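Worksheet: the structure to be examined is printed underneath.
The values are calculated or read from the model by the stated rules, or taken from the named source; none is laboratory data. Just so you know, these numbers come straight off a predicted model, no measurement behind them. Positions of Cβ are backbone-derived with ideal geometry, glycine not excepted, and every protein chain shown enters the neighbour counts.
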Amino acid sequence: MLLYQWHELWRAGLAPYTYFADAGAKMYSAADSWLTAVPGAQRTAAAFELMYRLGKDYEKPEFGIHQIEVEGLAIPVVERVALEKPFCRLLRFKRYHDQADGLARMKDDPTVLVVAPLSGHHATLLRDTVRTLLADHKVYITDWTDARMVPTAEGQFGLDDYVAYIEEFIRHIGTDNLHVISVCQPTVPVLAAISLMAGRGESLPRSMVMMGGPIDPRESPTSVNNLATRQPLSWFENNVIHPVPANYPGSGRQVYPGFLQHLGFVAMNPERHATSHWDFYQDLLRGDLEDAQSHRKFYDEYNAVLDMPARYYLDTIQKVFQEFLLPRGLWDVAGERVDPSKIRDCALFTIEGELDDISGAGQTRAAHKLCTGIAAEDQKHLTAEGAGHYGIFSGRRWRTQVYPQVKAFIAAHAGSNPPVVAATSGAMPARKPAARASVATKATLAKPQRLAKKSTR
């Protein structure tokens with residue numbers, strides 16, 4: 001149980017060496033330093049920087065989205081906190097325009113809530129997702145808090161609390177022309193939150209876009225799924241859960257530490273990471289500053305991890321990956337049964353990566369089997385050819401292959417929600433049918449294999 005404390009002690013002992021390595025790298029590479037003339041200076045600088053980057057602490061990165069380009073114009077963007085909870089901040093990326101017609105067009109843009117995963121990395125991992133969406137949408141995102149920074153007085157945070165947070169964020173934003181995009185792990189609590197809201201007769205978002213998530217992990221299990229089913233819940237409690245050390249505000253809180261999660265990430269592809277660091281060293285020797293900077297940018301994000309609340313992590317292991325409560329129709333959240341079949345006025349778009357080794361083929365698509373109340377023309381699926389897990393929401397394939405279809409789907413289902421009529425005698429509330437634009441049927445569920453191929457062309 002002292003693993004976290006030993007880790008902090010080791011980091012503290014390593015700190016002087018990383019500072020020395022950072023200083024050495026700068027002394028042997030700075031243009032105005034006489035040490036650059038010493039034989040082997042470039043090799044020494046490269047070795048120092050590699051040592052520094054392997055040993056340094058990686059703080060939470062900034063989103064850094066200060067402007068976007070729309071129709072050739074630079075549009076300023078301001079990041080604001082729309083709502084703050086103990087374990088999460090709801091961020092709004094507000095766009096500004098100095099031309100009346102441009103401002104009017106932006107006011108009519110659909111609103112998107114991006115639900116980022118609480119699974120090790122910070123929400124900034126979705127920076128490219130947000131930046132791309134901002135060209136055509138008003139964008140909010142969930143920015144989950146590092147659990148070691150949350151005092152124990154705030155209580156525990158479990159999967160049920162996650163669902164409640166999503167419901168509260170949706171109500172805070174308002175469902176009028178709202179579209180919810182969930183990436184990876186949050187596809188499960190997002191589907192639960194919208195199902196519960198539907199069951200109570202609340203107004204729903206116009207659409208759900210679910211990307212690479214474990215709706216039904218029994219479909220095409222991956223190594224991540226197999227680990228969860230191979231070990232009993234007690235193994236996870238005894239091996240990965242540790243108390244936060246005294247030097248953090250959350251001292252004593254039980255968490256799944258970020259440094260253990262990071263070890264797990266690296267262990268999935270150790271050779272790839274070793275090769276990447278060696279290539280970085282070689283880039284520095286060759287003076288290939290562009291590739292070296294790309295390496296820095298990637299690992300500044302990849303190595304920045306957060307602690308997950310223990311209750312939430314264990315709930316996810318048990319309810320999602322071991323007992324499969326959602327696809328089996330047995331999940332109760334705070335005493336309410338999660339029933340996706342009650343969802344009516346909310347379109348569904350599921351997206352999977354052809355090469356995804358985290359959420360296997362069919363795991364996200366399984367949402368269509370559960371959401372039987374959604375009309376067939378309001379359902380769509382895409383399998384992104386050549387895309388891995390991260391490729392469906394970040395990078396070139398996201399921008400050129402996935403986003404155009406997301407944009408079109410949201411546009412086809414944009415508009416105001418129908419009024420909700422109060423329920424009587426415990427019955428489901430009656431709703432006026434929403435007028436919806438028809439979605440191209442090339443990727444509906446009628447012919448899964450043929451249609452999935454068409455949707456990726």
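Taking the stated definitions as given, is S359 touching a residue at least 40 places away in the same chain (Cβ under 8 Å), crowded, with 24+ Cβ neighbours inside 10 Å and either assigned by TED's automatic domain parsing to the domain that holds I166 or of a type in the set (G, A, S) (or both)?
Here the answer is yes, as S359 does meet what is asked.
So which strands (runs of 3 or more DSSP E) are wholly in region 1-105 and hold at least 2 residues that are of a type in the set (D, E, K, R) and either modelled with pLDDT of 95 or more or in the same structural domain as D143 (by TED's automatic domain parsing) (or both)?
So the answer is 73-85, 88-95.
Given the conditions (1) without any contact (Cβ under 8 Å) to a residue 24 or more places away in the chain; (2) on the phi > 0 side of the Ramachandran plot; (3) not charged (D, E, K, R), report the number of the one that V81 does not fulfil.
Checking V81 against (1) without any contact (Cβ under 8 Å) to a residue 24 or more places away in the chain; (2) on the phi > 0 side of the Ramachandran plot; (3) not charged (D, E, K, R), the one that fails is (2).
Just one of the numbered conditions (1) out of contact with any helix residue (DSSP H, G or I) (no Cβ under 9 Å at 6 or more places or on another chain); (2) in contact (Cβ under 8 Å) with a residue 12 or more places away in the chain; (3) not acidic (D, E) is not true of R328; which one?
Result: R328 fails condition (2) only.
Can you run down the residue pairs with Cβ atoms below 8 Å, 6 or more apart or on separate chains, where the first is in region 13-36 and free of Cβ contacts under 8 Å to residues at least 60 places away in the same chain and the partner is in a helix (DSSP H, G or I) and of a type in the set (K, R)?
Short answer, once both residue conditions are applied: S33/K26.
Filtering region 21-42 down to residues that are within 38 Å of the chain's Cα centre (by Cα) and loosely packed, with under 14 Cβ neighbours inside 10 Å, which residue is farthest from A246 (Cα to Cα)? Before you say what the answer is, go through the steps one by one.
Filtering region 21-42 down to residues within 38 Å of the chain's Cα centre (by Cα) leaves 21-26, 29-30.
From what's left, loosely packed, with under 14 Cβ neighbours inside 10 Å: 23, 30.
Numbers: A23: 30, A30: 39 Å.
Out of the qualifying residues, it is A30.
Being in contact (Cβ under 8 Å) with a residue 24 or more places away in the chain, in contact with a strand residue (DSSP E or B) (Cβ under 8 Å, 6 or more places away or on another chain), closer than 18 Å to Q363 by Cα and among the hydroxyl-bearing types (S, T, Y) is true for just one of S220, S182, S207. Which residue is that?
After applying the criteria, what remains is S182.
Which of the helices (runs of 4 or more DSSP H) found entirely inside region 224-314 contain at least 3 residues meeting this: touching a Lys or Arg at 6+ places or on another chain (Cβ under 8 Å) and among the basic types (K, R)?
none
Looking at region 334-344, is at least one residue buried (at least 22 other Cβ atoms within 10 Å of the Cβ), in the same structural domain as T187 (by TED's automatic domain parsing) and touching a Pro at 6+ places or on another chain (Cβ under 9 Å)?
no
Can you find, within region 61-99, the residue that is surrounded by the fewest Cβ atoms within 10 Å (Cβ to Cβ) among those that are touching a helix residue (DSSP H, G or I) at 6+ places or on another chain (Cβ under 7 Å) and basic (K, R)?
K85
Can you pull out the residues in region 225-249 that are buried (at least 18 other Cβ atoms within 10 Å of the Cβ) and either within 30 Å of T175 (Cα to Cα) or of a type in the set (V, I, T) (or both)?
V240, I241, V244
I need the full set of residues from region 195-224 which are within 21 Å of G388 (Cα to Cα), surrounded by fewer than 20 Cβ atoms within 10 Å (Cβ to Cβ) and of a type in the set (G, A, S), in order please.
Answer for region 195-224, where residues must be within 21 Å of G388 (Cα to Cα), surrounded by fewer than 20 Cβ atoms within 10 Å (Cβ to Cβ) and of a type in the set (G, A, S): S220, S223.
Any residue at all in region 266-277 that is modelled with pLDDT of 90 or more, surrounded by 14 or more Cβ atoms within 10 Å (Cβ to Cβ), hydroxyl-bearing (S, T, Y) and closer than 23 Å to D356 by Cα?
The answer is yes, given that some residue of region 266-277 is modelled with pLDDT of 90 or more, surrounded by 14 or more Cβ atoms within 10 Å (Cβ to Cβ), hydroxyl-bearing (S, T, Y) and closer than 23 Å to D356 by Cα.
Select, from A192, A116, A123, the only residue that is surrounded by 24 or more Cβ atoms within 10 Å (Cβ to Cβ), in contact with an Asp or Glu (Cβ under 6 Å, 6 or more places away or on another chain) and either modelled with pLDDT under 95 or farther than 25 Å from A104 by Cβ (or both).
Just a single option satisfies the conditions, and that option is A123.
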